[in-house]
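Right, one structure below, let's go through it.
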Amino acid sequence: MAAEQEEGFVVRDRRGGSSSDRPSTTPPAASEIQPHQQTAPTDPHQDSGIPVTFSSFVISLGSSSLMLMGEQLDPQQPPMPVNLPQAKEIIDLLSVLEEKTRGNITTEEQAVLRDMLYALRMKYVTLAAK
């Protein structure tokens with residue numbers, strides 16, 4: 001029985017027009033890379049300067065719920081019509097998030113979530129009682 005050898009493979013880039021079959025050992029310069037050749041997509045939030053964090057996610061959901069309860073967060077925008085059932089869905093979603101992340105988030109993140117839920121629940125109860 002003959003010992004089997006492991007065979008590798010060689011990738012040859014023939015796009016450059018070179019007739020050489022030798023693999024290139026130097027990476028192409030940045031000016032040589034065409035837009036369709038870039039391997040890493042750009043982050044759409046990189047230019048905005050706003051980091052996407054757990055706390056910013058909670059604040060975003062909470063702001064949406066507040067808007068659905070009639071809060072006008074941006075005076076330049078017209079107020080949204082009140083939609084309590086949809087606002088309650090977001091509050092319930094945040095409640096599930098609180099339960100499922102218990103013990104897995106920082107003290108600060110936990111405080112943001114707890115405080116947001118408290119504010120949303122109080123506003124919802126006030127509006128639902130009317």
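Numbers below:
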read-out: Summed residue charge, Cβ within 13 Å of LEU97's Cβ, Lys/Arg positive, Asp/Glu negative; value: -2
read-out: Ordering of 61-70, 97-106 by packing [mean C-beta count within 10 Å, highest first]; value: 61-70, 97-106
read-out: Cut-off 11 Å between beta-carbons: net charge of the residues surrounding SER64, Lys and Arg +1, Asp and Glu -1; value: -2
read-out: Relative packing of 78-85, 113-120, which averages over residues the other C-beta atoms within 10 Å, highest first; value: 113-120, 78-85
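No value in this document is a laboratory result; all are computed from the given coordinates. As the structure is a prediction and not an experimental result, all values here were calculated from the model. FYI the Cβ positions are ideal-geometry reconstructions off the backbone, even for glycines, and counts take in every protein chain you see.
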